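No lab work stands behind these numbers, since they all come straight from the coordinates. None of the values given here were measured: they were computed from a predicted structure. As a convention, Cβ positions derive from the backbone with ideal geometry for all residues, glycine included, and neighbour counts pool all protein chains shown.
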Amino acid sequence: MSSKSHLKVIDGIKKEKPDYYVLYSKIFINELQKASDKYKTAAEYDKDTLKKLIWSGVKMIIASESRSNNKEGLESKFSLVTFINSLLALLTPREFQNIFPINKVYYAEEDYWKDYFYTRRYIECFGEDKVIGEEIDEFLWEYQNWTISHYMLEMMGIASDLRKLETGKSFMEEFIEEQGLPSYTMHDGVGGKQYIKNSQTGEVTKVKKPRPRYLRVVENEK
């Protein structure tokens, strides 16, 4: 006599994605509060405090990309970036590498891509134990690390968005205009229909969305 087993498929429990901005902000604010109670200026921070603030601060800025981008929010993020960069400037390249190791990515020299060896050569010329100081912007640009690259993109995005609020144009739009190239903006029209507008000519083009594959035209029977 055989018995049959009945299997039932049930939905698994969905885990909510953590809000990394809130998590890193809490770490950053907590470390900053402890540092403020102990030291008068950032230049006095001990290395452990400095590294914790830098690590959580950089992660916080990266995670802030999904937050509000109104003028107040952008100005607040820009102030934070400025402060974090001032902390980064207190490090030497050797200390910097302990927090954000160089990406172990290698390219052929003829490819002209920045890789591990490019960064190592840059640091050797710069001085591994020299305080980065006022050269922090150039150092961040030359340094190859995925987290730092993401941080730089977010930093430039914040500055560009602020510029657009002040002048009506982002840095990229200004550059394109200087080169005599047309730029395009997306707009919502009547009935939710979208259109693209040429900033130079004012020409408008309707956005045609592709028909989903699962839809097909059915002819009516007469």
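One table, with the values for the structure above:
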{"quantity": "Contour minus Cα-Cα distance for E44 and D137 (0.36 nm per residue)", "calculated": "31.3 nm"}
{"quantity": "Label zone at Y116 (point 7 Å along Cα-to-Cβ), backbone N below 13 Å, segment 82-104", "calculated": "101-104"}
{"quantity": "Cα-Cα over 18 Å, subset of K77/K164; K26/K59; K59/K130", "calculated": "K59/K130"}
{"quantity": "Backbone HN-Hα couplings from phi across segment 58-63 [Karplus 6.51/-1.76/1.60, Hz, Gly and Pro as x]", "calculated": "4, 5, 5, 5, 4, 6"}
{"quantity": "Quarter of the Cα convex hull surface for segment 20-177, i.e. its orientation-mean projected area (nm²)", "calculated": "11.0 nm²"}
{"quantity": "Among 32-41, 146-155, 119-128, the order from most to least packed when residues are scored by Cβ within 10 Å on average", "calculated": "146-155, 119-128, 32-41"}
